[in-house]
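Working notes for the structure below.
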Amino acid sequence: MSVLRFDGRKNDEIRPVEIIPDYIMHPAGSVLISMGNTKVICTASVEEKTAAHLKGTGKGWVTAEYGMLPGSTGSRKQRERKKVDGRSQEIQRLIGRALRSVVDMDSMGERSVWIDCDVIQADGGTRTASITGAYVAMVLAFRKLVKDGVLDSIPVKGYISAISVGIIDGEVRLDLPYEEDSRAGVDMNIVMNEKGEYVEIQGTAEDGAFSGAELVRMLEYAKKGCEELMAVQKEVLEGC
């Protein structure tokens, strides 16, 4: 049975979500996504050349970069001027893999879409919010390419979103803010498409282990959360 959490949510409820499209004027696609107190600016920029390993194949590429601004956390985070730290590398690779899973890169032509996810305020779930927001920014960028006559159609095969889930104080909870994430016994990040298929599952027991029944419950909660996020994405894109 779901119980109220410190922020008033039930265990299977996501935080309030808002996606503001066209948040930045220069990129082909951009959004500001807010999930609770976590806020990420996601932009999609088009480059008229593909990745080096795809040159001459006629295929395009989607890649991502991720970073946290100095004021996004409680103590100032140093800028990654010379070298991206290991956490950021792992997250940006996750974002790129997730987005490529729903893109028909054969239909892109030899061009790249660069996704930039900049966390301006962090309160847990920054990587999952980045994926959910970046999807909308990417679709907006492809729409612009179609509008400009560069592409015949949007090369996206379906929706994708991501959410965090975990076990805190022995309870499975969805969409963890920092207060919960920082003391979770189990922490998972789930990426799903609109068919209900898993694109990626990242899960770790921070303290002990978790049972098969708990895993099933976490996946059920994650599916519910991802479906709700995709509904928000659809509403935003249909309103643009």
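The values are calculated or read from the model by the stated rules, or taken from the named source; none is laboratory data. Owing to the predicted nature of the structure, the values given are computational and were not obtained by experimental measurement. In this analysis, Cβ positions are derived from the backbone assuming ideal geometry, glycine residues included, and neighbour counts consider all displayed protein chains. Surface accessibility is based on the protein's heavy atoms, side chains included, excluding ligands, DNA and RNA. Shrake-Rupley method; radii C 1.70, N 1.55, O 1.52, S 1.80 Å.
Taking the range 116-148 as the search range and keeping residues that are under 24 Å from ASN189 (Cα atoms) and of a type in the set (Asp, Glu), which one is most open to solvent (accessible area, probe 1.4 Å)? The selected residue is ASP118.
With the structure loaded, tell me whether LEU237 is open to solvent by less than 80 Å² (accessible area, probe 1.4 Å), at pLDDT 95 or above and in contact with a Pro (Cβ under 9 Å, 6 or more places away or on another chain) or whether it fails that test. Yes; evaluated as a whole, the condition is true for this residue.
Within the range 99-119, the set of residues being farther than 19 Å from HIS53 by Cα and of a type outside the set (Val, Ile, Thr) comprises ASP116, CYS117, ASP118.
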